[in-house]
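Q: Input: one structure, supplied below.
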Amino acid sequence: MPDISKARTGSPADSRTRQASARHYLMCPPVYFDVSYSINPWMDVTKPVDPALALAQWERLRDLYRDLGHQVSEMTAVDGLPDMLFTANGATVVDGRVLLANFRYEERMPESDAHRAWFRANGFRHIYQAAWTNEGEGDCLLAGDRLLCGTGFRTDRYSHGEVQELFGRPVIGLTLVDPRFYHLDTALAILDQDQIMYYPAAFSAGSREVLRRLYPDAILATDADAEVFGLNAVSDGQHVVLPQAATHLIGELRRRGYTPIGVDVSELNKAGGAVKCCTLELRAG
Ligand code: ARG
């Protein structure tokens, strides 16, 4: 009888099956980075930020993606929009269709105009505006043929319907319950078509059960991993770029045959973001 247990538990043999695929990302340099308002528990307006350090950390991330063979497009930052570096919140793009965000907080709403203009200027012909509150890939993650969509703090659960309708893929709605993990991408990361990693305590009991049923072999993050934004990660199927402080996740990823790459995004953490937040994936049609 063939022994499939090794593949399922992540023996070194897994590494032969991990496949990177070239991606296209949209990023925005943190030229006007600041924490001048607070819309999540990480944002402390009394703590000084170092914009030069934030820019240096961001540039290293951008250069890393390029070194890994991915294409990175850049948007121009807008003065007065300090969170604009978090492009993942601007839209969800699948099959060349763009669902523009409808931000929950007034402070970020003007980012949508910049995103709309960017997509128009860059040849995207199918651009839609979310009718309900929707914070883009912060809460909508493509996992193979399904979309995992968060709700609870930002994206409205009614928006899950418009996401499913536009992209024609089943949406699995997941409820977030811990305000520190206010976007789905702070609590869960897609590793490849059928594998994820997540932090169970960030989800309601029912959503935890859904995740257990769909992903019985998922990598589970510890409290320490989650608190350093370890789930705010970007995978190309083989390389997983994540905050370097997430040491337990880094070990687990390696054990399963992925190639984890830890980066320092400590300055960006002050705004409540890390790797994935800075990275919007553009999926062509
Ligand atoms: N300060 C931003 C906000 O609260 C951080 C966004 C982080 N982005 C993300 N995809 N999790 O909206």
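Q: Rounded to the nearest 0.05, what FRET efficiency do residue 71 and residue 169 have when you use their Cβ-Cβ distance and R0 = 30 Å?
A: On the way: r = 23 Å, r/R0 = 0.78.
The calculated FRET efficiency here is 0.80.
Q: Rounded to the nearest 5, what % of DSSP beta bridges with both residues in the stretch 166-249 are antiparallel?
A: Details: 7 of 9 bridges.
Looking only at bridges with both residues in the stretch 166-249, the antiparallel portion is about 80 percent.
Q: Percentage of Cα-Cα pair distances in the stretch 104-144 greater than 14 Å, rounded to whole percent?
A: 59 percent
Q: Moving on to the next point. Using the Cα gyration tensor of the stretch 27-69, with a ≥ b ≥ c the square roots of its eigenvalues, what is the shape: rounded (a/c below 1.5), prolate (a/b larger than b/c) or oblate (neither)?
A: prolate
Q: At a probe radius of 1.4 Å, what is the per-residue accessible area of residue 70, in Å² to the nearest 10?
A: Surface open to solvent at residue 70 totals about 10 Å².
Q: Cα-based Rg (one decimal) and Dmax (whole number) for the stretch 11-106, in Å?
A: According to the Cα coordinates of the stretch 11-106, Rg and Dmax are 16.6, 50 Å.
Q: Right, next: Given the chain reduced to its alpha-carbon atoms as identical point scatterers, what log10 I(q)/I(0) does the Debye formula return at q = 0.07, 0.15 Å⁻¹?
A: -0.23, -1.13
Q: As a test of the formula, what do you get for the chain when each DSSP H run with n ≥ 4 contributes -39,500 (n - 2.57) and the sum is divided by the residue count, at 222 nm and rounded to the nearest 500 deg cm²/dmol?
A: So the calculated ellipticity at 222 nm is -7000 deg cm²/dmol.
Q: Then there is this: Just by accessible area at a 1.4 angstrom probe, what is the order of 58, 42, 132 from largest to smallest?
A: So, going from the largest accessible area down, we get 132, 42, 58.
Q: Still on this structure, I have one more. Can you pull out the chymotrypsin sites (Phe, Trp or Tyr not before Pro) in the stretch 73-111 that DSSP calls coil and that have at most 16 other Cβ atoms within 10 Å?
A: Taking the stretch 73-111 and a limit of 16 other Cβ atoms within 10 Å, the loop chymotrypsin sites (Phe, Trp or Tyr not before Pro) found are 105.
Q: How large, in percent, is the carbon and sulfur part of the accessible surface of the chain at a probe radius of 1.4 Å?
A: 50 percent
Q: Follow-up. Percent of Cα-Cα pairs more than 16 Å apart in the stretch 221-285, please.
A: Values: 876 of 2080 pairs.
Within the stretch 221-285, distances greater than 16 Å cover 42 percent of Cα pairs.
Q: Equivalent ellipsoid semi-axes for the stretch 175-249, as square roots of 5 times the alpha carbon gyration tensor eigenvalues: give them largest first, rounded to whole Å.
A: The answer is 18, 15, 10 Å, longest axis first.
Q: For residue 119, what is the net charge nearby, where nearby means another residue's Cβ is under 12 Å from its Cβ and Lys, Arg count +1, Asp, Glu -1?
A: Counting the neighbours of residue 119, the net charge comes to +3.
Q: Can you give me the accessible area per residue for the stretch 124-182, using a 1.4 Å probe, in Å²?
A: Per residue, the stretch 124-182 has 41 Å² of solvent-accessible surface.
Q: How much length is gained if the chain between residue 127 and residue 204 is pulled fully straight, taking 0.36 nm per residue apart and subtracting their Cα-Cα distance, in nm to one decimal?
A: Details: separation 77, 0.36 × 77 = 27.72 nm, distance 3.25 nm.
Full extension of this stretch gives 24.5 nm more.
The values are calculated or read from the model by the stated rules, or taken from the named source; none is laboratory data. These numbers come from a predicted model, not from an experiment. Quick reminder, even Gly has a Cβ in these numbers, built from the backbone with ideal geometry, and neighbours come from all protein chains shown. Heads up: the accessible areas ignore ligands, DNA and RNA and are worked out on the full protein's heavy atoms, side chains in. Shrake-Rupley method; radii C 1.70, N 1.55, O 1.52, S 1.80 Å.
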